[in-house]
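Written below as structure tokens is the structure these notes are about.
The values are calculated or read from the model by the stated rules, or taken from the named source; none is laboratory data. Computed from a predicted model, the values in this text were never measured in an experiment. Here Cβ is always computed from backbone atoms with ideal geometry, including for glycine, and neighbour counts include all displayed protein chains.
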Amino acid sequence: MRSRTIHSVFHNLYLIEEYAAQGSGADLKRIITALAMMGLWLLMSGIYEPMLVGYGVVSVLLVSWVMARMDRVDGDLLHWHIKPFAFFKYQAWLMGEIAKANWVVTRNILSPNLHLRQHMFAVPVTAESDIAQVMFANSITLTPGTITIETEPGRFTEPGRFLVHALDYTDADPASIAEMDRRVVACETARAGEGAA
Amino acid sequence: MNILSILNEALSWILILSGAFFVLIGAIGTVRFPDFWSRLHAASVSDSAGIILLFLGMAMQAGFSLIAVKLAIIGAFLFITGPTATHATANAALVSGLRPKEAEGLTAAEPSHKSKNSKKDPHKIKGVKP
């Protein structure tokens, strides 16, 4: 039993070595990630005693090891195909939309008779990269009054469409969500679809 | 106590109180709304407006310090995890067969013919072979 555990530890170490040998770019990325995590630890902890910083070092090493193992399984990387400046511009716009939608739903909640016009409808998605699609879906959910229910094409939606549920549906809703989609696409870098596939 | 710190104090308390107000509104809505789907919407009021205002207020109380950075990081995480959790809840309800009640004159967009014939598992994780 014990020898098998030792064996599997060595096997995992071997897998890490093998992965790291694939390119020095992966190595560099891993070191940067570890440094960033260590920086986050130091920032969050604020206590710089040897024991607590030591815990941080051990945690960072453990997480780096787990991440290396996970990369061996799927290599599912996050591709950031977003223009930074446009992203912050979008966030500012989204804040305005959230404020407006919040006010509408708040008035609805406080009104003596609730005005509900629930509707489930599909909205077209033109954003290509995964990150932009997540941004779009989360933005819809963040604005009160609309929730993204389904994003994966399959039983409920066709490809290129999200299923959205509205609390108080008006005929203007599809247009305003299309406007949001247009703004998300404006944040995407050109040819974003290549890396996301 | 100079005028700036009084202003800061007043503004941060306005933000914190209005954040608390929206959290309360979310709770009231969760009780008042009639079914699962509408209650999700009520909860997202406290998720968005409540959280943003409370965190802004708390950051103003903290001033330019490590605590403000921590608040910003927690806020950013909540901004991503909140809607994701709401989406996961709604999606789980949809998959397990709970359908929203459609308002009069509206029909749901769900392509019902597909639900019987489709053999593809919509929740298979990409790239992982079973």
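Please indicate, with yes or no, whether at least one residue in the stretch A:45-64 is modelled with pLDDT under 90 and touching a Gly at 6+ places or on another chain (Cβ under 8 Å).
Looking for residues that are modelled with pLDDT under 90 and touching a Gly at 6+ places or on another chain (Cβ under 8 Å), one finds at least one in the stretch A:45-64, hence yes.
Of all residues in the stretch B:62-72, count the ones that are surrounded by fewer than 18 Cβ atoms within 10 Å (Cβ to Cβ) and outside any loop (DSSP other than H, G, I, E, B). Lay out the reasoning, then the answer.
Of the residues in the stretch B:62-72, the ones surrounded by fewer than 18 Cβ atoms within 10 Å (Cβ to Cβ) are B:62-70, B:72.
Filter again for outside any loop (DSSP other than H, G, I, E, B), leaving B:62, B:66-70, B:72.
Total meeting the criteria: 7.
Do you know which of the residues in the stretch B:30-50 that are more than 7 Å from chain A (Cβ to nearest Cβ) and under 18 Å from residue A:95 (Cα atoms) is surrounded by the fewest Cβ atoms within 10 Å (Cβ to Cβ)?
Top of the filtered list is B:43.
Given the conditions (1) part of a loop (DSSP other than H, G, I, E, B); (2) within 15 Å of residue B:83 (Cβ to Cβ); (3) not charged (D, E, K, R), which single one is not true for residue A:135?
Residue A:135 satisfies all of (1) part of a loop (DSSP other than H, G, I, E, B); (2) within 15 Å of residue B:83 (Cβ to Cβ); (3) not charged (D, E, K, R) except (1).
For residue B:93, only one of the following conditions fails: (1) in a helix (DSSP H, G or I); (2) on the phi > 0 side of the Ramachandran plot. What is its number?
It is condition (2) that residue B:93 fails.
Can you pull out the residues in the stretch B:49-105 that are over 26 Å from residue A:151 (Cα atoms) and aromatic (Phe, Trp, Tyr)?
Selection gives B:55, B:64.
One residue is enough: does the stretch A:93-104 have a residue meeting the conditions within 8 Å of chain B (Cβ to nearest Cβ), surrounded by 19 or more Cβ atoms within 10 Å (Cβ to Cβ) and outside any helix (DSSP H, G or I)?
Checking the stretch A:93-104: not a single residue is within 8 Å of chain B (Cβ to nearest Cβ), surrounded by 19 or more Cβ atoms within 10 Å (Cβ to Cβ) and outside any helix (DSSP H, G or I).
Any residue at all in the stretch A:122-135 that's at the interface with chain B (Cβ under 8 Å from one of its Cβ atoms) and free of Cβ contacts under 8 Å to residues at least 12 places away in the same chain?
Our first condition is that a residue be at the interface with chain B (Cβ under 8 Å from one of its Cβ atoms); within the stretch A:122-135, this holds for A:122.
Subset that is free of Cβ contacts under 8 Å to residues at least 12 places away in the same chain: none.
Among the residues of the stretch A:122-135, not one is at the interface with chain B (Cβ under 8 Å from one of its Cβ atoms) and free of Cβ contacts under 8 Å to residues at least 12 places away in the same chain, which makes the answer no.
Is one or more of the residues making up the stretch A:113-124 of a type outside the set (Gly, Ala, Ser) and under 23 Å from the mean Cα position of the chain (by Cα)?
Of the stretch A:113-124, the ones of a type outside the set (Gly, Ala, Ser) are A:113-121, A:123-124.
In the following step, the residues that additionally are under 23 Å from the mean Cα position of the chain (by Cα) were identified as A:123-124.
Checked against the condition, which is being of a type outside the set (Gly, Ala, Ser) and under 23 Å from the mean Cα position of the chain (by Cα), the stretch A:113-124 yields at least one hit.
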